[in-house]
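The values are calculated or read from the model by the stated rules, or taken from the named source; none is laboratory data. Because the structure is predicted, anything quoted here is derived from the model rather than measured. FYI the Cβ positions are ideal-geometry reconstructions off the backbone, even for glycines, and counts take in every protein chain you see. All accessible areas refer to the heavy atoms of the entire protein, side chains included, with ligands and DNA or RNA removed. Shrake-Rupley method; radii C 1.70, N 1.55, O 1.52, S 1.80 Å.
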Amino acid sequence: MTDHVHTTDEDEHESAYSGLLVNDAHWAFGTDFEDPLAGVDTTIPEGVDAPALAAYALMLGDDALVMSHRISEWTSNAPDLEDDIALSNIALDLLGQARLLLARAAKADASVVPDLPEGSPAPPEDALAFFREAHDFRNVRFAELANGDFADATVRVLLFSIWRLATFERLRSSRDHVLAAVAAKGVKELAYHRDYAARWFVTLAQGTEESRRRLVAALDALWPLWPELFDTHAVEAAAAAAGVGVDPASVREAAEATLDQVLAAADVPRSEAPRRAGVLGRTGRDGMHGEPLSRMLAEMQSVARAHPRGQW
Amino acid sequence: MTLTETARGPAPDAELERHFEATIARNDRIEPRDWMPEGYRKTLVRQIAQHAHSEIIGMQPEGNWITRAPSLRRKAILLAKVQDEAGHGLYLYSAAETLGVSRLELTELLLAGRQKYSSIFNYPTLSYADVGTIGWLVDGAAICNQVPLCRTSYGPYGRAMIRVCKEESFHQRQGYELLATMMRGTDEQRAMVQESVDRFWWPALMMFGPPDADSPNTAQSMAWGIKRNTNDELRQKFVDMSVPQAEALGVTFPDPELRWNEERGHHDFGQPDWEEFMEGVKGNGPCNAQRMAHRRRAHEDGAWVREAATAYAAKQRKATA
């Protein structure tokens, strides 16, 4: 037992305040560094190449981290309090997924974790989030686009969650226990994100002329990066072949079918905007990003990088 | 809306007034359908709205650091905290709605500058330590102010406050825990914590409002059981509670007059700069313009969305009618 400092108060309502100096174990988020994978079986399944598993987990983790960051930018800016709360919730769910997936990547292959100055207490998932350069991020470009209006947020969450949910539904049977567990939890979260966005999609499509115009414009703006979500990168192909990952191409049909249902309910046609090209054929999964990602990271990583030995 | 009519009640009647006074005297709750004096209703609307607005404006200074939180864990904690504040705003606006005013009306009064929010949020957040200091001192001061309100005479407000206070105590603990963690870190981090505490100590003391002698509304609010303690009583309580916490943390407060007074059994302490406080109240604080512009922009940017939701709901009603 560590030494306890107690303050007491006779008024029961005031116990809210008086617990402050009590070193108990009932903190909302724990008082010390916790291993996010504590208690989960992290052994690498037989026949699976650990670096390939790590590379795959990094892709899924980066998608969640970058998307979470963009959605978190809505906090205190949403059209109504209920939506502020809902968007914060979506950002929190994705952040939770990111933390587990980055931790999984680091555990499978420590060499993916950047070197930090000696004495840095940053856990590996933080080293991955805060000390990698943009070209080391493996997220799809869709996740990193700078935010637009609420129609943009609606379409963005809808497309992303339809795609990720289709992926996670299959990932639940991953041979990797961690990925299977993340997917099992994530499916419930993503189903909520999708339903939230789908409701707004229909509302905006059928609301006013302005809302419909904005919604269609947002769909056109995001559509060029939709096909990239179903490209199969060599890492994904290898993960799928090893039974730990999902080939994005294999979920295209299911995702498109879900999207078509929402579009039909909203009476909005599919966009005709053409697919966006990469750079010399390379896109997000190859570490080739658009301009917004490095700006996002400059902001996101600023405090962590200014204090590489800091305790947070 | 019958609720509103009931809440406003018929013309003051001696019998109703006596019944109201007796309820207050018994320390019982006044409920939305009970008759209440118009002054009581107005005071409550003003106070609950100000409290709700404070939660919503209060999302900004901390929200300022969400995208720069230095660890994934801290980012989750901060996002969840700011989200809770939106939730508190929601319950408080709902409590105000039981008195016959809508959330939209109150928001418009805020944006027109006709209702206030806590001046503390007109101070800027300048380092990540401020997230911790706001949790510890600002939420701590808020808890001192709000805990007695759990026993306030108006039922919906008191019940909302019980829930708000429980969550605020978590917020305060996360703030203190962040600062304690930073104090175990590097010298730069310790300096960052001390600098932040130096900047927020006096504004935190201002959160209890002007000294009792200059607080015109206190007496009536106490007589009605809306307010349970005077500003100075609560300020003293806050100082007395904070001093041992600062010692445990290893920081000092920037007040040369702060010392234990054996005779009184309390700490003596200096007065904050009440002129600076008044500047904030008048709208001239360091971030008043920024906070209001942010809220106005979010509200205006969301107008087409709210219109769309209303139009869609109307179409749905028509379709099912």
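The table for this structure:
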{"read-out": "Members of region B:15-52 that are over 24 Å from B:ALA219 (Cβ atoms) and either away from chain A (no Cβ under 14 Å) or of a type outside the set (A, V, I, L, M) (or both)", "value": "B:GLU15, B:GLU31, B:PRO32, B:ARG33"}
{"read-out": "Per-region count, region A:187-236, residues within 14 Å of chain B (Cβ to nearest Cβ) and within 19 Å of A:ASP267 (Cβ to Cβ)", "value": "22"}
{"read-out": "Residues located in region B:154-198, provided they are of a type in the set (Gly, Ala, Ser), over 21 Å from B:ALA129 (Cα atoms) and crowded, with 23+ Cβ neighbours inside 10 Å", "value": "B:ALA160"}
{"read-out": "Residue in region B:150-158 that is modelled with pLDDT of 95 or more, within 11 Å of another protein chain (Cβ to nearest Cβ) and out of contact with any Leu (no Cβ under 6 Å at 6 or more places or on another chain) present", "value": "no"}
{"read-out": "Hits in region B:25-44 - residues which are assigned to a helix (DSSP H, G or I) and either free of Cβ contacts under 8 Å to residues at least 60 places away in the same chain or open to solvent by 20 Å² or more (accessible area, probe 1.4 Å) (or both)", "value": "B:ALA25, B:GLU38, B:GLY39, B:ARG41, B:LYS42, B:THR43"}
{"read-out": "Residue list for region B:215-234, filter: closer than 20 Å to B:GLY280 by Cβ, touching a residue at least 40 places away in the same chain (Cβ under 8 Å) and in contact with a Phe, Trp or Tyr (Cβ under 9 Å, 6 or more places away or on another chain)", "value": "B:LEU234"}
{"read-out": "Of the criteria (1) in a helix (DSSP H, G or I); (2) within 23 Å of A:ASP286 (Cβ to Cβ); (3) open to solvent by less than 30 Å² (accessible area, probe 1.4 Å), which one A:GLU189 fails", "value": "(2)"}
{"read-out": "Entirely in region B:223-321, the helices (runs of 4 or more DSSP H) that have 2 or more residues that are out of contact with any Leu (no Cβ under 9 Å at 6 or more places or on another chain) and small (Gly, Ala, Ser)", "value": "B:288-301, B:303-320"}
{"read-out": "B:LYS116 touching a Ser or Thr at 6+ places or on another chain (Cβ under 7 Å), among the charged types (D, E, K, R) and more than 14 Å from every other protein chain (Cβ to nearest Cβ)", "value": "no"}
{"read-out": "When residues of region B:76-129 are limited to those that are hydrophobic (A, V, I, L, M, F, W, C), part of a loop (DSSP other than H, G, I, E, B) and touching a helix residue (DSSP H, G or I) at 6+ places or on another chain (Cβ under 9 Å), the one surrounded by the fewest Cβ atoms within 10 Å (Cβ to Cβ)", "value": "B:LEU126"}
{"read-out": "Condition met for B:ALA321 (modelled with pLDDT under 95 and of a type in the set (Gly, Ala, Ser))", "value": "yes"}
{"read-out": "Selected residue (only one of A:ARG252, A:ARG305, A:ARG282 is among the basic types (Lys, Arg) and under 30 Å from A:SER211 (Cα atoms))", "value": "A:ARG252"}
{"read-out": "Residue list for region B:166-215, filter: part of a helix (DSSP H, G or I) and among the polar types (S, T, N, Q)", "value": "B:SER169, B:GLN172, B:GLN174, B:THR181, B:GLN189, B:GLN194, B:SER196"}
{"read-out": "Count - residues of region A:163-174 that are crowded, with 24+ Cβ neighbours inside 10 Å and assigned to a loop (DSSP other than H, G, I, E, B)", "value": "1"}
{"read-out": "Those residues of region A:41-77 which are at pLDDT below 95 and not acidic (Asp, Glu), in sequence order", "value": "A:THR42, A:THR43, A:ILE44, A:PRO45, A:GLY47, A:VAL48"}
{"read-out": "Selection count where residues are part of a loop (DSSP other than H, G, I, E, B) and touching a Phe, Trp or Tyr at 6+ places or on another chain (Cβ under 9 Å), scope region A:141-162", "value": "2"}
{"read-out": "Residue tally, condition over 14 Å from B:ASN122 (Cα atoms), out of contact with any His (no Cβ under 8 Å at 6 or more places or on another chain) and open to solvent by 10 Å² or more (accessible area, probe 1.4 Å), over region B:51-75", "value": "4"}
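For (1) surrounded by 14 or more Cβ atoms within 10 Å (Cβ to Cβ); (2) within 14 Å of another protein chain (Cβ to nearest Cβ); (3) within 30 Å of B:MET192 (Cβ to Cβ); (4) at pLDDT 95 or above, each residue gets a yes or a no:
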| residue | (1), (2), (3), (4) |
| --- | --- |
| B:GLN220 | no, no, no, no |
| B:PHE238 | yes, yes, yes, yes |
| B:VAL281 | yes, no, yes, no |
| B:HIS294 | yes, yes, yes, yes |
